Amino acid sequence: MKKFKFTWLHGVMVALGCFMIFITSLVFFAGNMGEMVEDNYYEKTIHYQNDIDAAKRANELDQKPELIQQANGYLIRFHQEPQSGEVLFLRSNNSEEDVKESLHLNSRNEQLVHATRLKDGEYEVSIRWEENGEDYLYKQRVNWKTPS
């Protein structure tokens, strides 16, 4: 029986085969790299300057809304009653866990986002409201941990 001799051609073929396996595994294991944070992302980018202006107006306020973590959820407190607005708790890793509520403040200008609607983890909170014909936007990152 003839002895096998390993040549440079065999080395190139092995290297090429390993490279092809590597690239194929990258494509296979990459799978779903995630989802877009917003469904209507492209529409929002067109109106992004409005968000920048609203955030600037909110930062210039003497008394900004307060976001207070409590055992039963997050309490949102306004110092003046807004005309209308909404609160968004956005999860970057799972849009199904996002929380969206309209502003319905009580007599003390407060609203509770109840703990039963929140999952443990990080949220980006966006509070958007209208006051005196002007839009305002306040953003803050929070980390919710269910009290034990």
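Okay, here's what the table says:
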{"quantity": "Dipole moment magnitude, nearest 20 debye, segment 50-144 about Cα centre, only Lys, Arg, Asp, Glu C-beta charged", "calculated": "280"}
{"quantity": "Rounded to 10°, Cα long-axis angle of helix 8-30 versus longest principal axis of the chain", "calculated": "20"}
{"quantity": "Of (1) 8.6; (2) 16.9; (3) 9.8, the label for mean projected area of the Cα convex hull in nm² derived from the coordinates", "calculated": "(2)"}
{"quantity": "Order of VAL125, VAL12 under a 10 Å beta carbon neighbour criterion, fewest first", "calculated": "VAL12, VAL125"}
{"quantity": "The chain: calculated mean residue ellipticity at 222 nm from DSSP helix runs of at least 4, using -39500 (n - 2.57)", "calculated": "-9000 deg cm²/dmol"}
{"quantity": "For ARG57, ARG128, order by how many other beta-carbon atoms lie within 10 Å, fewest first", "calculated": "ARG57, ARG128"}
{"quantity": "Neighbour-count ranking [beta-carbon atoms within 10 angstrom, fewest first] of LYS56, LYS5, LYS139", "calculated": "LYS5, LYS56, LYS139"}
{"quantity": "Under 30 Å from the Cα of LYS139 - lysines, other chains or at least 8 residues apart", "calculated": "LYS44, LYS56, LYS64, LYS100, LYS119"}
{"quantity": "Principal-axis tilt of helix 48-59 within the chain, Cα atoms, nearest 10 degrees", "calculated": "50"}
{"quantity": "Neighbour-limited loop hits for GluC sites (Glu not before Pro), segment 47-148 (at most 10 other Cβ within 10 Å; DSSP other than H, G, I, E, B)", "calculated": "GLU60"}
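We did not get these values from a lab; they are worked out from the coordinates using the rules stated. These numbers were taken from a predicted model, which means no experiment stands behind them. In this analysis, Cβ positions are derived from the backbone assuming ideal geometry, glycine residues included, and neighbour counts consider all displayed protein chains.
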